[in-house]
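Beneath this line is the structure, given in structure tokens, with notes to follow.
The values are calculated or read from the model by the stated rules, or taken from the named source; none is laboratory data. These numbers come from a predicted model, not from an experiment. Neighbour counts are summed over all protein chains in view; Cβ atoms, including those assigned to glycine, are modelled from backbone coordinates with ideal geometry. SASA here: full protein model, heavy atoms, side chains in, ligands and nucleic acids out. Shrake-Rupley method; radii C 1.70, N 1.55, O 1.52, S 1.80 Å.
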Amino acid sequence: MKYICLGYADEQQWKRCPNAKRNALIDACFAYDDVLRTNGHVVGGEVLQSARHATTLRWTHGTVSIADGPSAETKEQLGGILVLEARDLNHAIQLMSKHPGVQAGPFEIRPAEDLTAMIRDSERRRSTTTDA
């Protein structure tokens, strides 16, 4: 089963971290990612640029509004996404609890939704609409 692991961090705290400590944590994270990948648990993932570079789109009063910055105004911002293959939620928790990145901030783990049936139903509805 696929799980989406959302990694959060306090950017200001990360900036204040001494280079040696920051580099050691980065190296440990990449090393553990290699272990996960070797064992077939990594489906994909990305580290995100700073929340300062975010743009938020929102549907407001029938139009799309655009705002600079992240959607949520919090101390900890989304810093990365890891798509993990695990047997079940407990297995995903076991794998991610060993990830050195938890030292930098929390990981939120959510099961990925299987959209196969929803996509099939949508395709069926759209094909009957376009045939009319």
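Here are the numbers for the structure shown:
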item	result
Protein-only accessible surface order, largest first, of Ile81, Ile66 at 1.4 Å	Ile66, Ile81
Taking the chain and dividing mean pair separation by its residue count, relative contact order in percent (alpha carbons under 8 Å, at least six apart)	43
Nitroxide proxy distance, nm - points 7 Å out along Cα→Cβ at Glu108 and Val35	2.6
Loop trypsin sites (Lys or Arg not before Pro), region 23-104 (other Cβ atoms within 10 Å of the site Cβ: 12 or fewer; DSSP)	Lys75, Arg87, Lys98
Neighbourhood charge, 14 Å Cβ-Cβ cut-off, centred on Leu82 and excluding it, Lys, Arg +1 and Asp, Glu -1	-1
Dimensionless Rg/Rh of the chain - Kirkwood Rh, Rg from C-alpha atoms	1.09
Dipole magnitude of the chain about its Cα centre (Cβ charges: Lys, Arg +1; Asp, Glu -1), debye to nearest 20	160
Overall form of region 5-45 per C-alpha gyration tensor (a/c, 1.5; a/b vs b/c)	oblate
Cross-link partners of Lys21 among lysines (Cα-Cα below 30 Å; sequence separation of 8 or more within a chain)	Lys75, Lys98
Loop-located GluC sites (Glu not before Pro) in region 74-128, at most 15 other Cβ atoms within 10 Å (DSSP)	Glu113
